[in-house]
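A short worksheet on the structure shown next.
Nothing in this text is a laboratory measurement; each read-out follows from the coordinates by a stated rule. The model shown is predicted, which means the values in this text are computed figures rather than measured ones. Reconstructed Cβ throughout: ideal geometry from the backbone, glycine too, with neighbour counts over all protein chains shown.
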Amino acid sequence: MKRAPLWLAPVLWLAGFVLLVLYLDSFLATGLFQPRRRLPQLAWEHLQLTLGAFVFGAIPALGLFLLQRRAGPGFLKGFLHRVSIFTETVPTVALLALLIPLAGYGNLPILLALGIYGIFPLYTALDGGFRSIPRQILENASGLGFNPRQRLWKIELPLALPVLWAGVRTTLVNLTAAATLGATVGAGGFGAPIIAGIRSSDPLLILQGALPSAFLALAFDSLSYSRTGPDAPVRARRLRS
């Protein structure tokens with residue numbers, strides 16, 4: 001039986017997300033909550049917050065990984081692990097409260113807060129992906145004349161990509177959920193109807209923000225990577241032999 005293409009599930013979830021936003025938009029202006037922005041605009045703001053926070057976290061994560069890769073496998077590893085555990089124990093609301101005096105209200109504090117939470121999961125995914133490559137493959141690649149750059153792009157990165165991609169998916173899902181807190185600092189997104197629903201004790205209003213956020217998270221989670229496309233796994237099997 002032929003498998004469905006990998007792009008089908010994300011497209012279906014994204015289509016469901018768009019249809020849900022358009023459907024719920026007709027009910028958003030009812031009740032006590034009269035939004036200044038329509039639900040499609042809130043959806044766009046939420047997507048910007050999620051992807052912006054991902055970029056804010058990805059750049060330092062890549063920098064830390066490259067620094068450790070150049071300095072050696074044991075460099076900063078224990079320290080980064082402890083910092084990662086510490087950041088996971090700090091509530092997002094508390095971090096937002098600490099950032100407001102520095103960044104004010106709006107998009108910047110939530111982007112900084114979520115970016116900080118995204119650094120170490122992405123760093124861990126990078127480190128775990130490259131550590132999952134058997135040492136024999138790297139030694140054989142060097143023996144066959146691959147220079148460090150060729151080995152990185154043709155062998156290491158394609159083989160590490162499945163683990164890295166799993167970390168990217170998990171981070172995007174977590175950031176999508178946490179971005180709803182942006183409404184507490186005036187950043188907009190799906191948190192606006194959720195916060196308004198909590199204040200007015202309106203469950204329907206809460207669902208109008210929670211359901212699209214859940215669909216967007218599921219769309220990110222459905223993103224898949226296949227190792228059957230690139231020829232790196234084939235090359236890796238040859239290098240093992």
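Modelling each spin label as a point 7 Å along the Cα-to-Cβ direction, I'd like the residue 41/residue 23 distance in nm, to one decimal.
Result: 2.4 nm between the two label points.
Zone of residue 161 (label point 7 Å along Cα→Cβ, backbone N under 18 Å): which residues in region 187-227?
Zone members listed by number: 222-227.
Could you list 139, 45 in order of exposure, starting from the residue whose Cβ has the fewest other Cβ atoms within 10 Å?
Ranked by crowding around the Cβ, least crowded first: 139, 45.
If each residue's Cβ is checked for other Cβ atoms within 10 Å, how do 87, 50 rank with the fewest at the top? Display every interim value, and only then the final one.
Values: 87 15, 50 27.
Exposure proxy ranking, most exposed first: 87, 50.
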